[in-house]
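Here is the structure we will look at.
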Amino acid sequence: MELVGSTLASTCAHPRSTSANLLPAISAMTSSYKNRFPHYALPPCLSLPWRPDAYYKTASITPTLAPYSRSSQGLTPSKMLPFVSNRTTLFTRYTPDDWYRSNLTNYKESETSRHSAERLRVDTSWMIHDKDQQTKKTQAESTKNLGERVNDIEFWKSEICHELDEMIGETNALTDMKKRLERALAETEGPLQVAQECLLHREKRMGIDLVHDDVEKQLLTEVDIIGSCQERMQRYLDKSIAQLASNRAAQHELEKDLADKQTAHRIDDKCHHLRDTSDGISYYRGVERVDATISVPDSWAKFTDDNILRSQSERAASSKLRGDIENLLVVTANEMWNQFNRVNVAFTNRVAETADAKNKIQTHLAKTLQEIFQTEMSIETIRKAIRDKGPPLKVAHTRLDERTRRPNVELCRDSAQIRLVNEVHEIDETIQTLQQRLRDAEDTLQMLVHAKSTLEHDLAVKANSLFIDQEKCMGMRKTFPNALRLVGYV
């Protein structure tokens with residue numbers, strides 16, 4: 001029998017002229033969905049039972065984000081790394097708590113609560129009335145309408161199948177991107193821990209080397225940058241989880257609608273092929289008084305069209321989110337790599353400065369030791385000179401003492417007497433001068449010894465700083481996640 005009639009006007013199709021019937025002609029129906037795939041029958045597991053209230057668009061639970069917590073939720077104290085104080089001045093340092101902000105809040109996937117499948121009940125048989133001719137005419141009209149209905153259902157099934165395939169592909173792509181983002185987020189923990197350990201090691205510097213130098217500034221900046229990258233990654237990870245929930249909700253609606261249409265197609269196709277001689281026909285008294293329908297052709301087409309439009313909207317949002325995540329991974333990887341290189345350059349420069357200072361200290365220490373040796377030799381020379389003045393002074397004193405025994409007028413203050421007196425004074429003055437010079441030399445020696453102690457201490461400080469920066473810190477910073485790992489490919 002030739003099926004003649006009209007199809008439904010839908011928001012997904014171009015405007016078409018309508019006849020007196022409710023549906024436009026099948027040949028005139030054009031889909032607005034491009035490149036739709038042919039219909040493929042879904043497995044029986046997708047066929048769902050009907051419920052009368054399925055016409056009204058089911059409510060969806062919009063996924064909500066849990067309150068953002070700035071505290072380190074989910075981390076036990078044993079797993080938290082020690083913080084380094086945040087430096088605001090040269091001598092004040094403290095570690096900000098927000099370096100350890102944890103964005104590890106887990107989000108539940110929103111539970112989708114949907115009504116059970118709509119159950120369309122169609123009249124499966126028509127009462128045989130008084131006149132056989134009228135019965136045949138009525139049956140022919142019913143058969144034609146059922147054929148048109150089957151064609152309409154097949155059209156919407158193909159549209160749903162096409163959109164469902166697109167949504168499944170988009171959901172899989174977003175899931176893969178989410179896994180990449182999770183791997184990239186996990187890779188940031190290693191560099192962050194290295195930077196924090198470097199700060200802790202550099203707290204063990206001694207004396208004047210405990211300075212807020214460029215290395216420490218760059219390390220603090222690196223910790224901030226990695227923390228910022230982690231925060232942005234976690235934010236987009238939460239968005240991807242919410243978007244996946246929305247995608248699955250839209251996919252679930254399409255699958256339910258497709259299952260309903262498969263059931264309806266099977267029923268209407270069976271009804272369309274029923275004849276008076278078919279098996280399984282029977283009487284169902286009172287069935288004509290039962291009206292289990294919950295939609296009209298316009299609302300029936302609009303329901304499916306709304307589901308497809310919702311799926312298209314979610315696919316567009318999901319595709320945009322994937323692009324944003326891809327850009328985020330590239331940007332964060334570049335930021336962390338650039339800062340990692342800047343910290344290494346600062347370390348290299350600081351190590352060179354410290355090594356140069358250490359070499360200069362060693363040079364000055366060698367000169368100081370030489371000067372100490374020479375000063376000690378000079379002190380011994382002065383002491384010997386003082387001892388050497390003893391015998392001449394004794395001679396002069398003895399001469400003066402002996403001349404005091406001259407008798408009477410012989411006690412003459414002659415030139416010899418005057419010279420002996422002057423000699424005693426000169427020798428005493430010489431001894432006092434040498435003794436003063438000896439004290440000056442001993443003071444100088446003490447200063448040199450103090451300078452030597454200071455230089456040795458400073459040398460030990462520089463050696464300790466070199467060991468920390470060159471061996472400990474630079475040793476830990478020899479490796480860094482490569483670009484592929486930072487963008488989540490490995």
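The values are calculated or read from the model by the stated rules, or taken from the named source; none is laboratory data. All of these numbers come straight from a predicted model, not from anything done at the bench. Heads up, the Cβs are rebuilt from the backbone with ideal geometry, glycines too, and the neighbour counts pull from every protein chain shown. SASA here: full protein model, heavy atoms, side chains in, ligands and nucleic acids out. Shrake-Rupley method; radii C 1.70, N 1.55, O 1.52, S 1.80 Å.
Within the stretch 264-334, list the trypsin sites (Lys or Arg not before Pro) lying in a DSSP loop whose Cβ has at most 14 other Cβ atoms in a 10 Å radius.
Here the trypsin sites (Lys or Arg not before Pro) that fit, given the DSSP loop and packing criteria, are 275, 285.
Calculate, for residue 295 and residue 479, the FRET efficiency according to 1/(1 + (r/R0)^6) with r their C-beta to C-beta distance and R0 60 Å; round to the nearest 0.05.
Result of the calculation: an efficiency of 0.40.
For residue 204, give me every one of the lysines with a C-alpha distance below 17 angstrom, ignoring sequence neighbours fewer than eight places off in its own chain.
Straight-distance partners of residue 204: 217, 462, 472.
Mind listing the phi-derived Karplus ³J(HN,Hα) values for the stretch 462-472, rounded to whole Hz, using 6.51, -1.76 and 1.60 with θ = phi - 60°, and x for any glycine or proline?
Values per residue, Gly and Pro as x: 5, 5, 5, 5, 4, 4, 5, 6, 7, 8, 6 Hz.
Can you give me the solvent accessible area of residue 412 with a 1.4 Å probe, rounded to the nearest 10 Å²?
Result for residue 412: roughly 70 Å² accessible.
Scale the Cα Rg of the stretch 311-421 by the rule-of-thumb value 2.2 N^0.38 Å and send over the ratio, two decimals.
Normalised by 2.2 N^0.38 Å, the Cα Rg of the stretch 311-421 equals 3.39.
Per-residue counts of other Cβ atoms within 10 Å, averaged by peptide: what ranking do you get for 236-249, 176-189, highest first?
In decreasing order of mean packing, 236-249, 176-189 become 236-249, 176-189.
Quote to one decimal, in nm, the extra length available between residue 208 and residue 440 on full extension: 0.36 nm per residue of separation minus the C-alpha distance between them.
That works out to 80.4 nm of additional length.
So how much accessible area does residue 433 have, in Å² to the nearest 10, using a 1.4 Å probe?
Surface open to solvent at residue 433 totals about 80 Å².
For the stretch 418-426, in order, what is each residue's ³J(HN,Hα) by Karplus, 6.51 cos²θ - 1.76 cosθ + 1.60 with θ = phi - 60°, in whole Hz (x at glycine and Pro)?
4, 5, 5, 4, 4, 5, 4, 5, 5
Provide, for q = 0.12, 0.19, 0.20, 0.21 Å⁻¹, the log10 of I(q)/I(0) from a solvent-free Debye sum over equal Cα point scatterers in the stretch 373-490.
Debye intensities relative to I(0), on a log10 scale: -0.72, -1.02, -1.06, -1.10.
With θ taken as phi - 60° and the coefficients 6.51, -1.76 and 1.60, list the Karplus ³J(HN,Hα) couplings across the stretch 305-319 in order, rounded to whole Hz; mark glycine and proline as x.
Rounded to whole hertz, the list is 4, 5, 4, 5, 5, 5, 4, 5, 5, 5, 5, 5, 5, 5, 5.
Could you put 476, 336 in order of accessible surface area, largest first, with the 1.4 Å probe and the full protein assembly present?
Ranked from most to least accessible, the order is 476, 336.
Whenever you get a sec, compute what percent of the accessible area on the stretch 326-463 sits on carbon and sulfur atoms (1.4 Å probe).
55
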